[in-house]
1. State whether segment 92-174 is rounded, prolate or oblate according to the following rule on the C-alpha gyration tensor (a ≥ b ≥ c being the square roots of its eigenvalues): a/c under 1.5 gives rounded; otherwise a/b larger than b/c gives prolate, and the remaining case gives oblate.
2. Calculate, axis by axis, the spread of Cα positions in segment 30-134 along the three principal axes, and write the results as whole Å, longest axis first.
3. Kindly report the accessible area of segment 90-148 per residue (heavy atoms of protein chains, probe 1.4 Å, no ligands, DNA or RNA), in Å².
4. Loop only by DSSP, 14 or fewer other Cβ within 10 Å of the Cβ. Give me the GluC sites (Glu not before Pro) in segment 68-155 that pass, ordered by residue number.
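The values are calculated or read from the model by the stated rules, or taken from the named source; none is laboratory data. Fair warning: this is a prediction, and the values are worked out from it, not measured in the lab. Note: ideal-geometry Cβ built from the backbone for every residue, glycine included; neighbour counts use all protein chains shown. Quick note on the areas: whole protein, heavy atoms, side chains included, nothing else; ligands and nucleic acids left out. Shrake-Rupley method; radii C 1.70, N 1.55, O 1.52, S 1.80 Å.
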Amino acid sequence: MKKENIKAAEKLNPGKPAEKLNPAGPSNSTSGDDGHYDCLKLSNQLCFPLYAASREITRTYTPLLKQLGLTYTQYIALLVLWEEKSLTIGDLGRKLFLDTGTLSPMLKGMEEKGLISRIREKDDERVVKITVTQKGEALKEKAVSIPETVGSCLNLSNEEAEELYKILYKILSN
């Protein structure tokens, strides 16, 4: 493991030696049977606490978003649209790390609710532009307290949250 990855792994899993964490799967170790399969223990997987934490955080959002009639994925799409106002499906997908196969049905539902409009570009009909509507923009005020509410449910200091944010975006930038 690279030195910076060891430091990040130790922060994410205090008390566990980073060399034992295995984000990519089985190592190429050819040592004997003693410890050879340790890399396959769930407790040694970096992916599992990321997955479980993501599910728990998303679960925290669910009742708050239900009041707005939104799913988590619709909410994060609106976060981008509140900031950008209008962008293509491709650009939205890149910002959310989602493919068009996932986005298209979700956006269709948001359009049916009147939260967004989808318009094909005149110059290139393959390009679809997404724009937040007045109704979608109105949800912004109702959603403004959600980040703080969810943040208060996490057992992290501001410094820990900022460090985790940096680490996660470092992973996403690969």
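1. oblate
2. Sorted from largest, the Cα extents of segment 30-134 read 64, 36, 21 Å.
3. Per residue, segment 90-148 has 68 Å² of solvent-accessible surface.
4. Loop-located and lightly packed - GLU121, GLU125.
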